[in-house]
Every structure is written in structure tokens, then in C-alpha cells.
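As C-alpha cells, the structure follows; a few thoughts come after it.
The values are calculated or read from the model by the stated rules, or taken from the named source; none is laboratory data. Quick caveat, the model's predicted, so the values are computed rather than measured. As a convention, Cβ positions derive from the backbone with ideal geometry for all residues, glycine included, and neighbour counts pool all protein chains shown. The area values use the complete protein model at the heavy-atom level, side chains included, leaving out ligands, DNA and RNA. Shrake-Rupley method; radii C 1.70, N 1.55, O 1.52, S 1.80 Å.
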Amino acid sequence: HFIITGYNYDSNGDDWTDGVCATGTSQSPINIVLSSATVDTSLGEFTLTNYDDASKYGNIKNNGHTIQVDMADDTVTLNGGGLDGGPFNLAQFHFHWGTSDSTGSEHTVDGKQSPLEIHFVHYKASLGDLGTAAGTAEGLAVLGFFFEVYPSDNANLDPFLDAVTSVANKDQTATLSSPPVINAIFQNVNTSLFVRYSGGLTTPGCNEVVQWTVFTEKIAISSAQLAKIRLSYQESSGTTLIGKNYRSTQDLNSRTVKISYD
Ligand code: SG4
Ligand code: ZN
């Protein structure tokens with residue numbers, strides 16, 4: 001199975017010199033230049049099944065690199081949206097953030113970073129599990145959503161942020177109160193507006209197996225709410241904050257970025 005070995009985010013965003021992280025030409029994240037994206041009206045709508053069913057979500061956990069929620073089963077599914085080889089099963093979601101409101105997201109849009117990005121990691125159902133799919137071309141589909149700073153709290157996020165606060169130290173877990181953060185996202189973002197490109201995992205081993213979808217509409221969050229996520233520690237002793245867990249943007253090289261407005 002796919003194992004994440006220890007890794008660090010240096011001041012440049014990444015110091016990973018191993019394997020495809022260093023040599024790959026289809027790495028993630030990227031800067032998305034909207035005016036250069038190719039409009040593709042053939043991608044179509046996503047079919048999202050069971051995302052709003054709280055019983056499908058397992059515990060929330062601080063894994064020392066991020067805050068992550070693993071799924072309780074494999075019945076939350078994604079299909080359509082021009083993805084190759086669907087359906088895909090949701091395995092987990094997690095976040096990327098920075099040390100201030102002006103940094104945090106992995107993808108950037110026209111050079112601009114958002115303060116927070118959430119990733120929903122799905123594996124191709126026909127491949128059976130995340131580990132196998134992470135070693136297979138086009139095996140993963142990750143959905144990325146941006147947050148943006150809004151002057152007042154987004155109350156829909158509060159139950160989830162309470163859970164985040166309860167897992168501040170590495171390896172702490174908590175149960176989620178229902179409904180999870182998902183409703184706040186999918187009720188507020190038009191999933192017909194998205195960007196598509198081929199890339200990889202943004203952490204080692206940087207496997208170039210991801211069909212990336214990045215939505216252009218953003219989710220509101222206040223500065224005070226963002227501060228709660230930043231109080232997450234990379235050790236069980238609760239001494240060193242995770243601080244930043246985004247990788248710097250990677251060269252696009254010969255890849256095409258598609259944009260769907262349907
Ligand atoms: C985070 O480190 C997650 O905790 C990892 O999930 C994830 O790896 C990794 O990010 C890379 O995913 O969407 N940012 S990303 O490209 O999903 C995988 C784990 O379960 C394989 C270790
Ligand atoms: Zn991620």
C-alpha cells in the first residue's frame with residue numbers, strides 16, 4: 001500500500017528531492033491561468049452520490065501533516081465531469097493552509113493564493129482501493145475547493161471547526177457531529193464551474209496519477225475561523241504548529257488546462 005514517509009515543508013514550499021517529486025513533468029499543484037485555459041464544453045456535470053450522508057464519514061484526525069477525515073465506507077461516489085474511468089469512491093478529505101490569511105492554498109489562480117484549500121481524494125472504483133489506484137495512471141480523482149476570507153463567520157463551518165479544535169495534537173481523533181463540512185461546501189459552490197488538468201499527489205511520492213478538478217467558486221470563512229485550523233500541531237506533544245502544509249506551484253510543461261462552464 002501507499003505509504004507517506006516523513007516530509008517537510010521548507011521556506012520554498014517543498015524540499016523533496018526524491019524520485020518523481022524531483023524529476024516529474026506533470027506535478028501538482030499548478031498556477032491556473034484562467035485566460036490560458038481551454039474551454040471544454042464536453043466535460044459535463046458531476047454526479048455526486050451520498051456526500052451529504054453524515055453516516056458515511058469516519059473520524060477526524062490530525063495526522064501531523066494535515067487535518068483529515070477518512071470515510072467510514074466506500075459508498076460516497078463521484079462520476080461524470082469528464083473524468084476518465086469513473087465511478088470514483090471518496091477515500092478521505094484533508095486541508096492545506098498557511099501561516100497567514102494571504103497564503104495557504106496549493107493551487108493558485110492567476111497567481112493568487114487562497115488561505116485554505118480542501119481536497120477530496122477519490123480512487124477509481126474498478127481498482128478496488130486507494131493504494132492500488134495511487135500506483136495506476138489516472139487512478140485518482142481529487143476535487144479541490146478554495147476558501148476566501150469573509151468579514152463574518154460562516155456558521156455552517158462551526159461544528160466542523162469545533163472538531164478541528166479537539167484534534168489539535170498529532171494523532172488525536174474525534175467523531176464528527178452531523179452534518180459534516182460537506183454541506184457547507186456543496187450548497188455554496190456551483191460544481192459546474194471547474195478546471196481540469198492531469199497532475200500528481202502534492203506530497204511524496206508525488207505519483208502522477210491524479211485527474212485534478214479545481215472549482216473556481218470559493219467558500220466563505222472568517223479570519224477567526226481560519227485561526228482555529230492553524231492551531232494544529234505536528235507533534236503529539238503540541239509544541240510545534242504544522243504552520244504551512246502547501247507545496248509550491250510546479251511547472252505546467254506541456255500540459256493543457258481545461259475549463260468547464262456548463
Ligand atoms: C495529505 O498528506 C493527506 O494526508 C494524504 O492522505 C494524501 O495522500 C496527500 O495529502 C496527498 O494528497 O490530494 N494533496 S493530495 O495530492 O491521499 C493520499 C493520506 O491518506 C494518497 C496519507
Ligand atoms: Zn491535498
task = Return the only residue of Thr41, Thr75, Thr47, Thr25 being part of a strand (DSSP E or B), more than 14 Å from ligand 2 (Cβ to nearest atom) and open to solvent by 30 Å² or more (accessible area, probe 1.4 Å).
result = Thr47
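Quick check on my filter: what residues within segment 242-262 are open to solvent by 60 Å² or more (accessible area, probe 1.4 Å) and out of contact with any Lys or Arg (no Cβ under 7 Å at 6 or more places or on another chain)?
Here is the first cut: in segment 242-262, the residues open to solvent by 60 Å² or more (accessible area, probe 1.4 Å) are 249, 251-254, 256, 258, 261-262.
Scanning segment 242-262 gives Thr249, Asp251, Leu252, Asn253, Ser254, Thr256, Tyr261, Asp262.
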task = Could you grab me the full set of residues in segment 102-128 that are surrounded by fewer than 19 Cβ atoms within 10 Å (Cβ to Cβ), in contact (Cβ under 8 Å) with a residue 40 or more places away in the chain and part of a loop (DSSP other than H, G, I, E, B)?
result = Thr103, Asp110, Gly111
query = Could you give every pair whose Cβ atoms fall below 7 Å, whose first residue belongs to segment 168-197 and is more than 14 Å from Thr216 (Cβ to Cβ), and whose second residue is among the charged types (D, E, K, R) and surrounded by 18 or more Cβ atoms within 10 Å (Cβ to Cβ), counting only separations of at least 6 or pairs across chains?
reply = Thr173/Lys61
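Are any residues in segment 81-96 of a type outside the set (Gly, Ala, Ser), away from ligand 2 (no atom under 11 Å from the Cβ) and open to solvent by less than 10 Å² (accessible area, probe 1.4 Å), and if so, which ones? Quick ask: steps written out before the conclusion?
Start the filter on segment 81-96 by keeping residues that are of a type outside the set (Gly, Ala, Ser), which leaves 83-84, 87-90, 92-96.
Then keep just the ones that are away from ligand 2 (no atom under 11 Å from the Cβ); that gives 83-84, 87-90.
If the condition is that a residue be of a type outside the set (Gly, Ala, Ser), away from ligand 2 (no atom under 11 Å from the Cβ) and open to solvent by less than 10 Å² (accessible area, probe 1.4 Å), then Phe88, Leu90 are the ones that fit.
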request  = Within segment 194-226, count every residue that is under 30 Å from Asp18 (Cβ atoms) and polar (S, T, N, Q).
outcome  = 6
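Could you tell me which of the residues Leu201, Leu241 is touching a Leu at 6+ places or on another chain (Cβ under 8 Å), within 28 Å of Asp110 (Cα to Cα) and of a type in the set (A, V, I, L, M, F, W, C)? Don't jump to the end; show me each part of the working.
Details: Leu241 fails: within 28 Å of Asp110 (Cα to Cα).
Just a single option satisfies the conditions, and that option is Leu201.
What about Val164, is it of a type in the set (Val, Ile, Thr), surrounded by 16 or more Cβ atoms within 10 Å (Cβ to Cβ) and in a helix (DSSP H, G or I)?
Values: of a type in the set (Val, Ile, Thr): yes; surrounded by 16 or more Cβ atoms within 10 Å (Cβ to Cβ): yes; in a helix (DSSP H, G or I): yes.
Answer is yes for this residue.
Suppose we filter Gly80, Gly111, Gly86 for residues that are away from ligand 1 (no atom under 16 Å from the Cβ), of a type in the set (Gly, Ala, Ser) and touching an Asp or Glu at 6+ places or on another chain (Cβ under 6 Å); which single one remains? Full working, then the answer.
Working: Gly111 fails: touching an Asp or Glu at 6+ places or on another chain (Cβ under 6 Å); Gly86 fails: touching an Asp or Glu at 6+ places or on another chain (Cβ under 6 Å).
Testing whether each residue is away from ligand 1 (no atom under 16 Å from the Cβ), of a type in the set (Gly, Ala, Ser) and touching an Asp or Glu at 6+ places or on another chain (Cβ under 6 Å) leaves just Gly80.
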